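In what follows, a structure is listed as C-alpha cells, so that the remarks can point back to it.
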Amino acid sequence: MTDISKPPFKNILITGAAGALGSVLRESLRPYAEQLTLSDRAPLGEVRANERHFVCDLADRNAVFDMMKGVDMVIHLGGAPRENTFQVILDSNIAGSYHIYEAARQESVKRVIYASSVHAIGFYECTQTIDANVPQRPDSLYGVSKTFVENLSRYYFDKFGLESMCVRIGSCFPKPVDRRMLATWLSYDDFSHLCIQALMTPSVGHMIVYGNSNNSANFWDNTQAGYLGYHPKDSADAYRAEVYANTPIGDPRHPAVRFQGGQFAADGHFEDDPNNR
Ligand code: NAI
C-alpha cells in the first residue's frame, strides 16, 4: 500500500457506500481523505468521525448535486449491480451516472473512479485474451449500462478534462466460488489497492483497466494497469482445489462457459417470462 502521512484528499465521495464494495472502501480509504462523503439509498449506519452521509437515490438529480459539493475525488459504485428491468437500469445506472458526471463537472472534481464490469465485454470468449482497447461487447442490459458510462466518462474527459478510471471489475467477492472466477476473481484487498493507486496516480486522463487478482487463469492483458503501479497480491489459485471439488466441469459449448460474461451471457432478456427466456 502507498505510504501517506496526512490525507492527500479533502473529500472523497463513495457512491454505493452501503454495498459490499463500498463497505470495503469505507474502511480502507479512511486515511486518504479529510472527509469521506458516503452516499447510498440504503441506510449507511452510524456517522463516524470524518464522514458525512447522503441517503438518496442517484436518480434524484438535485440530491446528487448536493452531495457533490466540496468533493475532489469520486468513487462511483452505486447502482444496480446485476441484470434488472430496463427501467431500473435506466434510472439507477444510466441517469444516476449521468447525474454523477454532470455534478462532478460543475463542481470541478478532479477524477471519477468508476466500477465498470466484465459484463461490458462479456461476449468475448474465455479462450481469448483481450486488452482494454477492444470494442465493447456487453452481455446484458446491465453490461450496456456499463458501456454507456465508459463512453460517458470518455466524453467528459475529451470535452471537459474530467479524468476517469473505469475498472472492469471481474468478480469481487470474499473468495472465488466457481471455475470462471478462477480467472475473474478480485480480492477485497486487491480491489482496495487498485482504487488507492487510481486515486494516488498524479494523472490518469481517461483509462480503462481490468480488475482481477494475480490469477494464473486470466482473460485480460492489463498492461495499462502497470502504469498505475497496481500489483495484486492475492490469487484465485489458492482456492483452485476447493473450487474443483465443489463445482462440476461445464460444457465448453454452453454460453455460460464459453463467454467471459459467464451466466450473464447465457441468460435471456430479464423481462421475459422466466420459463421462456
Ligand atoms: P452492492 O449491491 O453490494 O452495492 C451497490 C449499492 O448501490 C447498494 O448499496 C445499493 O443500495 C446502491 N444503489 C443501487 N441503486 C441505487 C440508486 N438508484 N441510488 C442510490 N444507491 C443505489 O454491489 P457491489 O458488489 O458492492 O458492487 C458495487 C459496484 O461494483 C456496482 O456498480 C457493480 O455493478 C460493480 N461491480 C461489482 C462487481 C462485484 O463482483 N462485486 C463486479 C463488477 C462490477
Among the residues of segment 19-75, what is the count of those that are within 19 Å of the chain's Cα centre (by Cα) and of a type in the set (Gly, Ala, Ser)?
8
If you go through segment 131-166 one residue at a time, how many are among the charged types (D, E, K, R) and outside any helix (DSSP H, G or I)?
4
Only residues that are touching a residue at least 12 places away in the same chain (Cβ under 8 Å) and outside any loop (DSSP other than H, G, I, E, B): list them for segment 13-26, please.
LEU13, ILE14, THR15, ALA20, LEU21, GLY22, VAL24, LEU25, ARG26
Criterion (among the basic types (Lys, Arg) and away from the ligand (no atom under 14 Å from the Cβ)) met by exactly one of ARG82, ARG61, ARG41, ARG30:
ARG30
Can you spot a residue in segment 2-9 that is among the aliphatic types (A, V, I, L, M) and within 16 Å of the ligand (Cβ to nearest atom)?
no
The residue that is farthest from ARG168 (Cα to Cα), considering only those in segment 229-277 that are free of Cβ contacts under 8 Å to residues at least 60 places away in the same chain and in contact with a strand residue (DSSP E or B) (Cβ under 9 Å, 6 or more places away or on another chain), is ALA266
Can you confirm whether TYR98 is under 18 Å from the mean Cα position of the chain (by Cα) and part of a helix (DSSP H, G or I)?
yes
Test ASP178 against the stated conditions and say whether it is under 23 Å from GLY22 (Cα atoms) and either assigned to a helix (DSSP H, G or I) or away from the ligand (no atom under 12 Å from the Cβ) (or both).
no
When you check PRO43 against the structure, is it touching a residue at least 12 places away in the same chain (Cβ under 8 Å), outside any helix (DSSP H, G or I) and surrounded by fewer than 17 Cβ atoms within 10 Å (Cβ to Cβ), yes or no?
yes
Looking at segment 186-239, which of its residues are within 14 Å of the ligand (Cβ to nearest atom), crowded, with 21+ Cβ neighbours inside 10 Å and assigned to a helix (DSSP H, G or I)?
ASP190, PHE191, LEU194, CYS195, ALA198, ALA236
Would it be correct to say that SER116 is in a helix (DSSP H, G or I), hydroxyl-bearing (Ser, Thr, Tyr) and within 9 Å of the ligand (Cβ to nearest atom)?
no
From (1) touching a residue at least 40 places away in the same chain (Cβ under 8 Å); (2) surrounded by fewer than 15 Cβ atoms within 10 Å (Cβ to Cβ); (3) within 11 Å of the ligand (Cβ to nearest atom), pick out the condition that doesn't hold for SER171.
(2)
In segment 258-272, which residue that is in contact with a Gly (Cβ under 6 Å, 6 or more places away or on another chain) and assigned to a loop (DSSP other than H, G, I, E, B) is nearest to ARG82 (Cα to Cα)?
GLY261
Per the filter on segment 1-17, residues under 23 Å from LEU58 (Cβ atoms) and either crowded, with 20+ Cβ neighbours inside 10 Å or modelled with pLDDT under 95 (or both) are ASN11, ILE12, LEU13, ILE14, THR15, GLY16, ALA17
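The values are calculated or read from the model by the stated rules, or taken from the named source; none is laboratory data. A quick note: this is a predicted structure, and the numbers were derived from the prediction, not measured. FYI the Cβ positions are ideal-geometry reconstructions off the backbone, even for glycines, and counts take in every protein chain you see.
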